[in-house]
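Engineer: Input: one structure, supplied below.
The values are calculated or read from the model by the stated rules, or taken from the named source; none is laboratory data. Just so we're clear, the structure is a prediction, and the values are computed from it rather than from any experiment. Cβ placement follows ideal geometry from the backbone for every residue including glycine, while neighbour counts extend to all protein chains displayed. Surface areas here come from the heavy atoms of the whole protein model, side chains and all, with no ligands, DNA or RNA. Shrake-Rupley method; radii C 1.70, N 1.55, O 1.52, S 1.80 Å.
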Amino acid sequence: SKFTIDCSAPVEDKVLDPASFEKFLHDRIKVNGKAGELGGKVTISRDKTKIVVNAEAPFSKRYLKYLTKKYLKKQQLRDFLHVIASSKGAYELRYFKVSGG
């Protein structure tokens, strides 16, 4: 199965570095309980501002969301960005709508 994470909004604002996000996923995704050893089961590639994860089942999309949120927290972006499912196999990082009070 193929999943994409679209980071275009924060990348354009130079808030998020897609290369470091890609590395984070690479180091954190667990295959058979081991992190960082993707062993051909999972491939991660980058297409400009999109991260593409190709995975052999079983691989949950929710797990990808969990890791994405973990990364945002680590970069202290969790207050500004959230992860939205834009389609069945895709997530998008969007800014929270700030309501002027």
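Engineer: Here is a check on your reading of the model: is Leu77 surrounded by 13 or more Cβ atoms within 10 Å (Cβ to Cβ) and assigned to a loop (DSSP other than H, G, I, E, B)?
Structural biologist: Yes.
Engineer: Among the residues of region 31-54 satisfying the criterion of being modelled with pLDDT of 95 or more and basic (Lys, Arg), which is surrounded by the most Cβ atoms within 10 Å (Cβ to Cβ)?
Structural biologist: Lys50
Engineer: Restricting to region 84-95, count the residues that are touching an Asp or Glu at 6+ places or on another chain (Cβ under 8 Å) and in contact (Cβ under 8 Å) with a residue 40 or more places away in the chain.
Structural biologist: 5
Engineer: Hey, another quick one. Give the number of residues within region 1-15 that are closer than 16 Å to Tyr63 by Cα, at pLDDT 95 or above and among the polar types (S, T, N, Q).
Structural biologist: The qualifying residues number 1.
Engineer: Count, please, the residues in region 80-95 that happen to be open to solvent by 60 Å² or more (accessible area, probe 1.4 Å) and part of a loop (DSSP other than H, G, I, E, B).
Structural biologist: Here the count works out to 2.
Engineer: Quick one: how many residues across region 4-19 are crowded, with 19+ Cβ neighbours inside 10 Å and either free of Cβ contacts under 8 Å to residues at least 24 places away in the same chain or farther than 13 Å from Val53 by Cα (or both)?
Structural biologist: The number of residues fulfilling the criteria is 3.
Engineer: Next up: Look through region 55-74, keep the residues that are more than 11 Å from the chain's Cα centre (by Cα), outside any strand (DSSP E or B) and not hydroxyl-bearing (Ser, Thr, Tyr), and return whichever of them is surrounded by the most Cβ atoms within 10 Å (Cβ to Cβ).
Structural biologist: Checking each candidate, the answer is Phe59.
Engineer: Scan region 20-30 and tell me whether some residue there is assigned to a loop (DSSP other than H, G, I, E, B) and open to solvent by 50 Å² or more (accessible area, probe 1.4 Å).
Structural biologist: no
Engineer: Specify the residue that is nearest to Arg94 (Cα to Cα); the eligible residues are those in region 31-54 that are among the charged types (D, E, K, R) and in a loop (DSSP other than H, G, I, E, B).
Structural biologist: Only one residue tops the list, namely Lys48.
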